[in-house]
Ligand code: PEP
C-alpha cells in the first residue's frame with residue numbers, strides 16, 4: 001500500500017504564501033521517483049486558489065472540517081457538497097483542536113465522517129489521547145472509543161476512511177511519540193478496523209504529532225504506520241519534501 005502524507009496547514013497561509021509553498025512542493029515532488037500519495041488540508045477560503053494551483057499536479061487537497069449537515073441554517077459551516085464543487089478529496093474530522101476548542105463529541109465527529117463519505121470525500125478521522133489519559137493508562141480505551149463511534153456510524157464503509165492517530169500531547173509540541181509507542185496504538189486500531197472492514201488490511205492509518213524530517217523514516221518504517229498527518233513541517237517546503245521522500249522509499 002502506498003503511504004499517504006497529508007499536510008495540515010491549520011489556520012496558516014495567505015494567497016502569496018500558498019503560491020510559494022505549493023510551487024515548492026510541486027517542483028520537489030517532480031524529482032521524487034514513484035512518490036507516495038500527497039495531500040494538503042487547507043483553510044477552506046483558499047479552496048479555489050489551491051484547486052487551480054494543484055490542477056494536474058498529483059497533489060490532492062482537503063478541508064480541515066466538514067459540516068455534519070447537508071445544507072441550511074448552520075452559520076459558519078461548509079457542506080460536503082460545497083467542498084466537492086472544488087474537487088476536494090479529503091476532510092479532516094475530529095482533529096483534537098476541534099474536539100478541544102469546539103467541543104466536538106465522538107458522535108459529532110462520526111456524523112461528519114458519514115456526511116463526508118456521502119459526498120465522495122474521504123474523511124481523515126483523527127483520534128488520540130491527552131497526556132493525562134496516557135499517564136493514567138487509558139490510551140487504548142480512548143482511541144478505541146473514538147474510532148468505535150465512527151465505525152458505528154459508517155459500518156462497512158469504514159474501509160473508505162483514513163484514520164490518523166494523533167496523540168494530543170505530541171501535536172505542535174515537538175514531543176513525538178516514539179516509533180514503538182505509535183506502533184503499539186496503530187496495531188490496536190488496525191485490529192479494530194480489520195474486524196469492521198470488508199477490505200483485508202482495512203483503511204490507512206496515519207501517524208500525526210510533531211512528525212518532521214528527522215523522525216519521519218523511523219515512524220513510517222513501522223508496520224502499521226501507513227503515512228503521516230503533518231502540521232508545522234507541512235508549511236516548510238524542505239521539511240515536507242523530506243517527509244515525502246522518506247515515505248516514498250518505504251512500501
Ligand atoms: C496536526 O496538526 O495534525 C499535527 C500533527 O501538527 P504537528 O505536526 O505540528 O504536531
How about the range 25-52: which of its residues are more than 17 Å from residue 85 (Cβ to Cβ), out of contact with any strand residue (DSSP E or B) (no Cβ under 8 Å at 6 or more places or on another chain) and surrounded by 15 or more Cβ atoms within 10 Å (Cβ to Cβ)?
-> 28, 32, 35
Filtering the range 183-194 for residues that are touching a helix residue (DSSP H, G or I) at 6+ places or on another chain (Cβ under 9 Å) and free of Cβ contacts under 8 Å to residues at least 12 places away in the same chain leaves a count of 1
Among the residues of the range 3-17, is any modelled with pLDDT of 95 or more, over 17 Å from residue 236 (Cα atoms) and not in a strand (DSSP E or B)?
-> yes
If you go through the range 128-146 one residue at a time, do you hit one that is within 17 Å of residue 222 (Cβ to Cβ), within 16 Å of the ligand (Cβ to nearest atom), in a loop (DSSP other than H, G, I, E, B) and modelled with pLDDT of 95 or more?
-> yes
Taking into account only those residues within the range 69-100 that are away from the ligand (no atom under 16 Å from the Cβ) and either assigned to a strand (DSSP E or B) or in contact with a strand residue (DSSP E or B) (Cβ under 9 Å, 6 or more places away or on another chain) (or both), which is nearest to residue 161 (Cα to Cα)?
-> 89
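The values are calculated or read from the model by the stated rules, or taken from the named source; none is laboratory data. Keep in mind that what you see is a predicted model, and the values were worked out from it rather than measured. Ideal geometry is used to build each Cβ from the backbone, glycine not excepted, and the neighbour counts take in all protein chains shown.
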